[in-house]
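Structure, as structure tokens:
The values are calculated or read from the model by the stated rules, or taken from the named source; none is laboratory data. Treat the numbers as computed from the prediction; the structure is a model and nothing was measured. No Cβ is skipped: glycine too gets one built from the backbone with ideal geometry, and neighbour counts run over all protein chains shown.
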Amino acid sequence: MSDYWRKILDQRVDRRRALLATGGFAAGAAFLAACGGSDDKSSSDALPSGDASKPDRSGLVAKPEDTSKSAKRGGTYKWSSASEPLHFDGSVQGQAQLNVFNGLAYGSLVQNKPGVGIPSTYSEVVGDLAESWEISADKLSITFKLRPGVKWHNKAPVNGRDFDSSDVVANWKRYEAKGGNRAANANSANPNAPIVSVTAPDARTVVYKLKEPTSFLLQRLAIMTTGEAGTQMPREADNGFDPRTEQIGTGGFILDKYEPSVRLVYKRNPDYWNKQEPYVDSLEIPFVTQYANGLAQFKAGNVYSYNVLPQDQVAAKKETPATSMYQFITATANPAAIVGFGWNNLPNGQKSPFLDVRVRQALSMSYDRDAFIDAFSNVSKFESEGLPVETYYYTAMAYVPNVWLDPRKSDFGPNAQYYKQNIAEAKKLMTAAGYDRGIDFESKVINGAQFGLDHQKQVEVLDNMAREAGFRPTPKLIDYNLEYLPKIVTSRGKFDGYAYRFGATSSNDPMDFFVWRYWSKAGPTSGALGFDVAGKGDDSGDPAVDQLIEKGLAEVDAQKRTELVKELQRYLGKMQYGVSRPGNASQFALAWPSVGNYQVFQGDSRGAAANSGGTPYTWWLDDTKEPLKK
């Protein structure tokens, strides 16, 4: 059976169809597993990493352009959302479906500095509700000076009053009491968390006291992902204002209408402190849960940008040649889907096989990363059209410029072997661990679209790749809100089998990602994997990992912190406490040319859009271009 995968990789023809055809892949993979799988591939079989300097031979790609100087104010931006938020309280609970809307209405003290036409490195912040800040000599306090003239939305009971330091203090106390990820931030909830107190010496000054120097704290205060500490709510929250049913923020957009199961409408905040942004007067966001419907609406010009799947992008561009196609690289330390292992015994009483490092290594070595990336990032099709594509193998982290290590290159070291598909070696590892007859277990995956429209298909492909090495996962669909959030996200591996986990990090800083996912002291509400180096299932962590992370906590020198992140990638490449999604490739996004500044400001967390299209704060509508052109 070794010729099966080798033929697909060598020819690189219709690979996506071979993997994704309904029912076809599962049958093929089962047949492969029965026949013994494939042998190790030589390096010549690997799909090569692309060259970012390759020219575009297709003539399809537009270059992102900062047109802010010529931007015109006005118009309604027609958008869409694939899912609907459960409620609007972005502090209490993490909700993937609320993240964009949270950043539209609310502000934070600082914002991550976006890249202009390129990915952000998440290493610098700029002022938002704070106009300046100062870090003490001992690095144990940060003093913020608040921006004057900031007002809350003009809604009862807040009624457009001035934003001041009492709001920040009250917001912190509320978060400290019931914030979704408070144990990562509030020292009162977790003695290892950084923030000891938040006080206000006067109306325009706020002081954050820290337990110890925390190199990435400003990035934590920049992120407005739900459940995190960045979002600033008024002091009336829970005291006359119910954040679950309404939004009252300082952001550039005001929630104007919410029609359950139908749409959200936002209007521009006329009192927003930044008088230049946002440009559009309103955002119309219907809930479009069916991908085919959303794609049709985009092609018809009824929505101005849409998350078109890679396999449909070239066809959509050719069918609607007036649209613009932009290339981008997703920059995030979070590899999105990661196999989080259950450390509990299996239902048959068998000890969790994943406590053995050899089993985890075998799973990682069962993945054909090139085929997966090609299938879900549409690499072969793009290249056949003359589009330049660069591919990325995910390590314990995903891609962030200057920080990510490529396991295909020599500087990763010997542990790179665990990122190369090698079925024969994977089977040897399984045999050495005592599982020569394979392992039966549950593979848990959410049943909704919160992690993307093709998440379940990706899981199916990975599970079937694992079967080649002797893993026999039984898929189990679980509800995102009723099962995934309470039983997987914060359980620290206290379940059986394995689960495909996402989750938003406490910030976009790469070192902070490792704190959130791999530090044993991260706290009960973190996304920690709950492993231990001895394989006892006691949640004690790995001293080598903890030591590197704790050095990073105190290290303020960016280059030294980067080297620590690289060392974590090398070490975790061997230990495989969580097996990351295989990887990604440079991608493409489609928008109508009437959208100015699309794809320009990357990494802005104020209502950040899918496909790194930027933020609605900086988009503007040019009525001289399609589909608005008369």
Does any residue of region 539-546 turn out to be surrounded by fewer than 22 Cβ atoms within 10 Å (Cβ to Cβ), more than 21 Å from the chain's Cα centre (by Cα), part of a loop (DSSP other than H, G, I, E, B) and among the hydroxyl-bearing types (Ser, Thr, Tyr)? yes
Inter-residue pairs, beta-carbon under 8 Å, first on the phi > 0 side of the Ramachandran plot and in region 607-619, second in a helix (DSSP H, G or I) and at pLDDT 65 or above, 6+ apart: Gly607/Val100; Gly607/Phe101; Gly607/Asn102; Gly607/Gly103; Gly607/Leu104
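Across region 501-527, what is the total count of residues that are assigned to a helix (DSSP H, G or I) and at pLDDT below 90?
The number of residues fulfilling the criteria is 1.
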If I filter region 212-241 down to residues being under 28 Å from the mean Cα position of the chain (by Cα) and surrounded by fewer than 18 Cβ atoms within 10 Å (Cβ to Cβ), which single residue comes out as farthest from Gly523 (Cα to Cα)? Pro213
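Let's see how each residue does on (1) more than 29 Å from Lys566 (Cβ to Cβ); (2) acidic (Asp, Glu); (3) in a helix (DSSP H, G or I):
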{"position": "Ala449", "(1), (2), (3)": "yes, no, no"}
{"position": "Thr474", "(1), (2), (3)": "yes, no, no"}
{"position": "Asn481", "(1), (2), (3)": "yes, no, yes"}
{"position": "Lys494", "(1), (2), (3)": "yes, no, no"}
{"position": "Ala499", "(1), (2), (3)": "no, no, no"}
{"position": "Leu529", "(1), (2), (3)": "no, no, no"}
Considering region 489-506 alone, what residues qualify as being of a type in the set (Lys, Arg) and closer than 19 Å to Met397 by Cβ? Arg501
Which residue is surrounded by the fewest Cβ atoms within 10 Å (Cβ to Cβ), if the candidates are limited to region 113-128 and must be in a loop (DSSP other than H, G, I, E, B) and out of contact with any Lys or Arg (no Cβ under 9 Å at 6 or more places or on another chain)? Ile118
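Among the candidates Lys381, Lys409, single out the residue that is of a type in the set (Lys, Arg) and buried (at least 18 other Cβ atoms within 10 Å of the Cβ). Can you show your working first?
Details: Lys409 fails: buried (at least 18 other Cβ atoms within 10 Å of the Cβ).
One residue alone meets the criteria, Lys381.
Just checking, which of Ala396, Ala375 is buried (at least 24 other Cβ atoms within 10 Å of the Cβ) and over 29 Å from Asp436 (Cα atoms)?
Working: Ala396 fails: over 29 Å from Asp436 (Cα atoms).
Matching residue, one of Ala396, Ala375: Ala375.
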Regarding Leu590, is this residue surrounded by 22 or more Cβ atoms within 10 Å (Cβ to Cβ), part of a helix (DSSP H, G or I) and at pLDDT 95 or above? no
Here the qualifying pairs (Cβ atoms under 7 Å; residues six or more apart or on different chains; first in region 409-426 and more than 16 Å from Ser580 (Cβ to Cβ) and charged (D, E, K, R); second at pLDDT 95 or above and not in a loop (DSSP other than H, G, I, E, B)) come out as Glu425/Met365
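Go through Ala333, Ala296 for me and flag whichever is buried (at least 20 other Cβ atoms within 10 Å of the Cβ) and either part of a loop (DSSP other than H, G, I, E, B) or assigned by TED's automatic domain parsing to the domain that holds Gln599 (or both). Walk me through how you get there before you give the answer.
On the way: Ala296 fails: buried (at least 20 other Cβ atoms within 10 Å of the Cβ).
Of the residues listed, the single one that is buried (at least 20 other Cβ atoms within 10 Å of the Cβ) and either part of a loop (DSSP other than H, G, I, E, B) or assigned by TED's automatic domain parsing to the domain that holds Gln599 (or both) is Ala333.
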When residues of region 223-266 are limited to those that are at pLDDT below 95 and either part of a strand (DSSP E or B) or of a type in the set (A, V, I, L, M, F, W, C) (or both), the one nearest to Lys155 (Cα to Cα): Met224
Report yes if Ser188 is touching a residue at least 12 places away in the same chain (Cβ under 8 Å), closer than 26 Å to Asp242 by Cβ and surrounded by fewer than 22 Cβ atoms within 10 Å (Cβ to Cβ), otherwise no. yes
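Just to be sure before I move on: is Leu564 more than 30 Å from Gln313 (Cα to Cα), free of Cβ contacts under 8 Å to residues at least 60 places away in the same chain and in contact with a Gly (Cβ under 6 Å, 6 or more places away or on another chain) in the structure I sent?
Working: more than 30 Å from Gln313 (Cα to Cα): yes; free of Cβ contacts under 8 Å to residues at least 60 places away in the same chain: yes; in contact with a Gly (Cβ under 6 Å, 6 or more places away or on another chain): yes.
When the stated conditions are applied, Leu564 passes them.
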I'd like to know if region 268-281 contains one or more residues that are among the hydrophobic types (A, V, I, L, M, F, W, C), surrounded by 21 or more Cβ atoms within 10 Å (Cβ to Cβ) and within 24 Å of the chain's Cα centre (by Cα). no
Of Ser42, Ser70, Ser38, Ser49, which residue is exposed (fewer than 14 other Cβ atoms within 10 Å of the Cβ), at pLDDT below 95 and either more than 30 Å from Thr289 (Cβ to Cβ) or more than 26 Å from the chain's Cα centre (by Cα) (or both)? Ser42
